[in-house]
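The next block holds one structure in the form of structure tokens; read it before the comments.
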Amino acid sequence: EVSVSELGLGYESDETVLFRYCSGTCEAAVRSYDLSLKSMRSRRRIRKEKIRARPCCRPLAYDDDVSFLDAYNRYYTVNELSAKECGCV
């Protein structure tokens, strides 16, 4: 659980929400694209762009929207905040 203010979305609120996140490696999900991208980067065929040559663990589905009152008694709803299901993309 974290306060809404700690989420870094620009809201001032002491209300707390459950924030679930994804983490982990995705080595089993490596595809031809990832192998080719890694090879081209190592041969410097792709310049200094910030590109990952492997899949990453990201949310595939999200929990329900989160609603809260801010410090000024304004009501907000944030969608796609807390991960419900994770996978390699």
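Nearest 10 degrees is fine. How inclined is helix 32-42 to the longest principal axis of the chain, computing both from alpha carbons?
On a 0 to 90 degree scale, this one is about 80.
Helix-only mean residue ellipticity at 222 nm, the chain, DSSP H runs n ≥ 4 weighted -39,500 (n - 2.57), per residue, nearest 500. What is it?
Counting only the DSSP helices, I get -3500 deg cm²/dmol.
Highest GNM mean-square fluctuation, the chain, Cα pairs closer than 10 Å: which of LEU18, LEU60, LEU35?
Its mean-square fluctuation being the largest, the pick is LEU35.
Between GLU85 and GLU12, what length in nm is gained on full extension when 0.36 nm per residue of separation is reduced by their alpha carbon distance? Before the final figure, lay out the partial values.
Details: separation 73, 0.36 × 73 = 26.28 nm, distance 2.78 nm.
Separation in residues times 0.36 nm, less the Cα-Cα distance, equals 23.5 nm.
For the chain, report the accessible area per residue in Å² (1.4 Å probe, heavy atoms, rounded to an integer).
On the way: 7300 Å² over 89 residues.
Here the residues of the chain average 82 Å² of exposed surface.
Between GLU1 and ARG74, what's the calculated FRET efficiency when r is the beta-carbon distance and R0 is 22 Å? Round to 0.05. Kindly include the intermediate steps, with their values, before the conclusion.
Working: r = 22 Å, r/R0 = 0.99.
Here the calculated transfer efficiency is 0.50.
Accessible area of GLU80, 1.4 Å probe, to the nearest 10 Å²?
120 Å²
Who wins for biggest fluctuation among SER36, SER67, SER13 in a Gaussian network model of the chain, springs between alpha carbons below 10 Å?
SER36
Mean separation of Cα pairs under 8 Å and 6+ residues apart, divided by the residue count of the chain: what relative contact order is that in percent?
Working: 138 pairs, mean separation 27.3, N = 89.
About 31 percent, as a whole number.
Report the dimensions of the chain along its three principal axes from the alpha-carbon atoms, largest first, rounded to Å.
Rounded to whole Å, the extents work out to 55, 26, 16 Å.
Give me the distance in nm between label points sitting 7 Å out from Cα along the Cα-to-Cβ direction at TYR33 and ASP64, one decimal.
Roughly 3.4 nm, to one decimal.
Could you check the spin-label model distance between ARG43 and PHE19? Points 7 Å from the Cα along Cα→Cβ, value in nm.
Output for this residue pair reads 4.2 nm.
The values are calculated or read from the model by the stated rules, or taken from the named source; none is laboratory data. Predicted, not measured: the structure shown is a model, and the values here were computed from it. With ideal geometry, Cβ positions are generated from the backbone for all residues, glycine too; neighbour counts draw on all protein chains shown. Surface accessibility is based on the protein's heavy atoms, side chains included, excluding ligands, DNA and RNA. Shrake-Rupley method; radii C 1.70, N 1.55, O 1.52, S 1.80 Å.
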